[in-house]
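The numbers here are math on the coordinates, done by the rules we state, and not lab data. The structure displayed is predicted, hence computed values, not measured ones. As a convention, Cβ positions derive from the backbone with ideal geometry for all residues, glycine included, and neighbour counts pool all protein chains shown.
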Amino acid sequence: MIEGLKFDIECEEMGDHLCEKARHHDERRLFYEKSAQRLEEGKAEGMDYTGGDPIKALRDKGRTHRNRSEFFQFMADHLIEGETYRLSESDLLTLEFISRGY
């Protein structure tokens, strides 16, 4: 009898995925940082924000993506060559193999 769901991911696939996620989050970080800078400089035409502090919101999003990028890069840098990683649904969500649905 099999209890629960676990998924085996080979080291190479895991490394490729983690590096791609690190790049993705770094690109998003740059986007938010540039957007905040452009808004600060008054060059962000067409950006319609209501309420709150849009510059802080953009910078916060940038920090979130920087943190995610650093997380994925750290994981990629510490994989054990030749190993298979057995992941739970929670692991798949954390490592962004699957979507949280939002």
- [ ] Compute the projected area of the convex hull of the Cα atoms of the chain, averaged over all viewing directions, and report it in nm² to one decimal place.
- [x] 8.6
Open item on the list: Angle check, please: helix 11-40 long axis (alpha carbons) against the longest principal axis of the chain (alpha carbons), in degrees 0 to 90, nearest 10.
Closed with: 10
- [ ] Can you tell me the dipole magnitude for the chain around its Cα centre, using point charges on the Cβ only (Lys, Arg +1; Asp, Glu -1), in Debye to the nearest 20?
- [x] 660
- [ ] Please find the FRET efficiency linking residue 77 to residue 34, where r is the Cβ-Cβ separation and R0 is fixed at 25 Å, and quote it to the nearest 0.05.
- [x] 0.40
Open item on the list: Using only Cα atoms and rounding to the nearest 10 degrees, what angle (0 to 90) does helix 54-77 make with the longest principal axis of the chain?
Closed with: 20
- [ ] Could you tell me which of 75, 58, 5 has its Cα farthest along the dipole of the chain towards the positive end, charges placed at Cβ (Lys, Arg +1; Asp, Glu -1), taken about the Cα centre?
- [x] 58
